[in-house]
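Contents: one structure, followed by commentary.
What follows draws every value from the coordinates through simple rules; no lab data is involved. Nothing here was measured: the structure is a model prediction, and the numbers come from that model. Reconstructed Cβ throughout: ideal geometry from the backbone, glycine too, with neighbour counts over all protein chains shown.
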Amino acid sequence: MERSPALSSSQKLERSLRQLGFDQDTRALSVLRAMMRIQSTPPRSLDIAEIHDSLMHVEPGTALSKAWVRKVMQQLLDMQMIRVENESDSRRKYISDVDTIVAGLEQLKGQTLTDLEKHRRALKDELDRLSAINLGDLARSITGEIVSKIEQPSSKLLKGLEAYRDFTNTEIYARAGPGDVVRLAQLWLKPFTGSITERIEHILGAAERGADVRYRITAGILSANDFLTASVRKDKLVEFFVRASAQRQKGMNIDVRIHPARTPTYHFSSLNEDSMVMLLSEDPLTAMWLSRKFNPDLIQTAIASFDRTWSQSISVLDNPGQLALGVSGSESSYFLSAMKEAATKIADRGKKP
């Protein structure tokens, strides 16, 4: 059995940060590094203009505004990676040193461990329930030997892409209507080769019927050029953003957001807090449909995790032409290229009388 090659120090750093939910390609890390580049010893407080200038020195071709930097600084404050040196002054100054970074990493570690433990317990409950299924009783129910009233199923194990896709379409998207909330948390992309275009149509259809559609994906999509090129035509991706933008202008509730870190969480589609299709494994693709009646705690935990990361995510529909995100290599991103084309079409439509 061959041993895996030893990791370099930079690879070990990348792996550790990824495990903590603080990906090296995030906007927050780009700004934090910009602060470190101009920091002195001992550390001094920096204002937004200085930090912005440092970013522009490293990435001169990007359209990163001071307002963008200020928004990311608030995220770093929330993560305790930096602190405000002069809270009472009208012009805030920020400072970051070893102590603040350690405090921020401790907070990330604690939250990630908590999320993983909840996920572990939830999966263990699912495995215990699956193991406890009495196949004899199940078979008798199917053949009609039990004459008492048979209740509707409240869960189902789904194996393979087709079963996952069909059940998500019928139990989540097709049932969504006015007043409903559809949440889509996308972690993995590769299992869904060949089905993204169909998924887009179902998402738009739910919004057109009056549902509040919230679609959250991770920053990994920004570098998934080979997969997206092979799986979805760029014109279809552009069409999706243009149509979604048009729906929003008509007052429909639909948003697509990117979460800047690959924080361990759930991959699922849900309808309110009543029904959920959750992906359990990527290869082989295995998922489970569950109703609130079957496991309300798991549904509530997954939705709470989604809502927390949703508020920390960046909308790709608010300003599609400026979605740089501070991500390294974004200039060659297939996804961002489609966003920019969509932004141009949206702007051209706005100019028409």
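Charge tally for Val238 (other residues, Cβ to Cβ under 10 Å; Lys, Arg +1; Asp, Glu -1): +3. When Rg and the Kirkwood radius Rh are both evaluated on Cα atoms of the range 154-351, their ratio Rg/Rh stands at 0.95.
Taken over the range 194-311, the convex hull of the Cα atoms encloses 120 Å³ per residue. Per-residue 3J(HN,Hα) values for the range 219-224, derived from phi via the Karplus relation 6.51 cos²θ - 1.76 cosθ + 1.60 with θ = phi - 60°, read 5, x, 5, 5, 10, 8 Hz in sequence order (x marks Gly and Pro).
Could you tell me what fraction of 2.2 N^0.38 Å the Cα radius of gyration of the range 13-107 comes to, as a two-decimal ratio? Write out the running numbers ahead of the final one.
Details: Rg = 12.9 Å, N = 95, 2.2 N^0.38 = 12.4 Å.
With N residues counted in the range 13-107, Rg over 2.2 N^0.38 Å equals 1.04.
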